[in-house]
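Asks: My questions all concern the structure below.
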Amino acid sequence: MSPETVRDVSAEEGHDLVEAGAVLLDVREADEWEAGHAPEATWIPLGEMQHRVGELPRDGRIVAICRSGSRSRVVAGALLQAGYDAVNLDGGMRAWATEDYDVVASDGLPGVVI
């Protein structure tokens, strides 16, 4: 499945999906994650996805997220192709933060999206 066929969800819909039990999969790099991420997110950097995809549940939805939604759209497409139920959070962490959803740094303090 190509990235064009991936379903995009808004930050609000993505947040609702996560609250309902979906996995929020953050695929950003270490510096981005450390600066600020959603507290409920699972972090697997894009470069590690191929080797760590087995850590993701096959029996639930996955909401992929990055900074803007571009990298996560590619990941969501690959997950769909591999048989996972995945969507992309359009606007990424920027949209998440704009909606005032929690963003924490690796040290537990309030985080920022870089």
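What follows draws every value from the coordinates through simple rules; no lab data is involved. Every value quoted in this text rests on a predicted model; they were computed, and no experiment measured them. FYI the Cβ positions are ideal-geometry reconstructions off the backbone, even for glycines, and counts take in every protein chain you see.
Asks: Which residues, counting only those in the stretch 71-114, are aromatic (Phe, Trp, Tyr) and in a helix (DSSP H, G or I)?
Replies: Trp96
Asks: Hey, Glu12 hits all of (1) buried (at least 21 other Cβ atoms within 10 Å of the Cβ); (2) in a helix (DSSP H, G or I) but one; which does it fall short on?
Replies: Tallying (1) buried (at least 21 other Cβ atoms within 10 Å of the Cβ); (2) in a helix (DSSP H, G or I), Glu12 fails exactly one: (1).
Asks: Still on this structure, I have one more. Could you check Leu17 against (1) in contact with a Cys (Cβ under 8 Å, 6 or more places away or on another chain); (2) part of a helix (DSSP H, G or I) and say which number it fails?
Replies: With respect to (1) in contact with a Cys (Cβ under 8 Å, 6 or more places away or on another chain); (2) part of a helix (DSSP H, G or I), Leu17 is out only on (1).
Asks: Right, another one. Any idea how many residues of the stretch 73-114 are polar (S, T, N, Q) and under 15 Å from His15 (Cβ atoms)?
Replies: 2
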